[in-house]
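Take a look at the structure set out below.
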Amino acid sequence: MVPPRTQAIQCDSKYLWLTKSVLQEGMPEVYDESVTEATLKRLSSYLHKSILQAKLFQIESNHRSKAEPFAQGLLQDIMRIFWSINPLDEHPYMSKASLAYRPTIAAYWTRDFEMFQIEDRPTYVLRCKFPLGKFAEPKIEQLRPAKYLPVGDLGLFKRHVHLDSFPGYKIGNPLPYIHTQIIIDRKSYKSEQTIARGIISSFAQLAAHAQNKDGKLGQSLKHPLCCQTIITNGQQFTFMCYQLNTLKTNNIEKGLVNMAWASDTMDLFSSYNGEIDINEKCLKYIAQFFVNKPIPFKVIKKKSVKASEEVVQ
């Protein structure tokens, strides 16, 4: 069993190896398009009041040492504010998305001729009808051999269980594709720990979904699957993207790899003498993640002798 959180040395590199992933530089180019200044200004105004209210609640309810109640209330406010100020005709997926609270995710895979399994429960998972578009073209790269990255100190443990894959939703769910997951994490104190948390959680989400859609271990995906991840303790935010290109993860150190991106960790706000200053760069990332539109499936009409058929890809 692989723990979703670890404080091992070089844990980010080890989770990259476990999932046959490569960390890319910067963030995907899809986020180069700017959110309108009017949207950011309105979001900042509402968020300023929300932070003051959340901090007041934290003080009055004696939660000074507990970041999760503050973070959870703040994130709920951010989502409510963003959904209320954005016109649904510009972002129609928002009216048909679902938000799950702490769903159970389970996935398994092979690496270096060993079977690994993970169970994870991210705080929030936003799902929609269609998948996100791919962040980049799939890559073939050379990975470091396993002997240079021993993973025994990650807190792995053996458990006699039936291998299970569960994507966090039941079969037949009309909104099966993950858009964004939000993880409240108060125990990752270093950047490498935060990145490792995002990598393994994103991989679990997408691998479970792929297996649920008849994806098989040892094969590459015909269409890459993507998700966005926000990791926060309520004040500090890290933004990550992940693209699952292959489930062929056994012992091949060269070939198609999965891809991850991570931003620097940044504060959403700073406070001094009761004054709240919003970090516009962090706020812009939040807005860009939410407005990233899913890509509807292409409907292709195939010619047939009897009649035309519509095939969804």
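The values are calculated or read from the model by the stated rules, or taken from the named source; none is laboratory data. Source: prediction; values computed, not measured. Neighbour counts run over all protein chains shown; Cβ positions are idealised from the backbone, glycine included. In case anyone asks, the SASA skips ligands and DNA or RNA and just uses the protein heavy atoms, side chains included. Shrake-Rupley method; radii C 1.70, N 1.55, O 1.52, S 1.80 Å.
Quick notes
- Residues being modelled with pLDDT of 90 or more and surrounded by 11 or more Cβ atoms within 10 Å (Cβ to Cβ) - total across the range 135-164: 3
- Scanning the range 101-120 for residues that are among the hydrophobic types (A, V, I, L, M, F, W, C) and at positive phi turns up just one, Phe113.
- Against the numbered list (1) touching a residue at least 60 places away in the same chain (Cβ under 8 Å); (2) surrounded by fewer than 19 Cβ atoms within 10 Å (Cβ to Cβ); (3) among the polar types (S, T, N, Q), Asn258 comes up short only at (2).
- Scanning the range 1-26 for residues that are over 27 Å from Pro103 (Cα atoms) and open to solvent by less than 80 Å² (accessible area, probe 1.4 Å) turns up Gln24, Gly26.
- For beta carbons closer than 7 Å, sequence separation of 6+ or different chains, a first residue in the range 226-238 that is over 11 Å from Ile183 (Cβ atoms) and outside any strand (DSSP E or B) and a second that is hydrophobic (A, V, I, L, M, F, W, C) and open to solvent by less than 10 Å² (accessible area, probe 1.4 Å), the qualifying pairs are Gly234/Ala71; Gly234/Leu74; Gln235/Leu268; Gln235/Phe269.
- Failed item, numbered, when Ser263 is tested on (1) within 27 Å of Glu141 (Cα to Cα); (2) touching a Lys or Arg at 6+ places or on another chain (Cβ under 9 Å); (3) open to solvent by 10 Å² or more (accessible area, probe 1.4 Å): (2)
- For the condition closer than 23 Å to Phe289 by Cβ, modelled with pLDDT under 95 and among the hydrophobic types (A, V, I, L, M, F, W, C), Ala204 does not qualify.
- Residue match in the range 283-293 (condition: open to solvent by less than 50 Å² (accessible area, probe 1.4 Å), closer than 30 Å to Lys41 by Cβ and part of a strand (DSSP E or B)): no
- Being outside any helix (DSSP H, G or I), touching a Gly at 6+ places or on another chain (Cβ under 7 Å) and aliphatic (A, V, I, L, M) is a description that does not apply to Leu217.
- Hey, Glu275 farther than 15 Å from Ile200 by Cβ, at pLDDT below 95 and in contact with a Leu (Cβ under 6 Å, 6 or more places away or on another chain) or not: no
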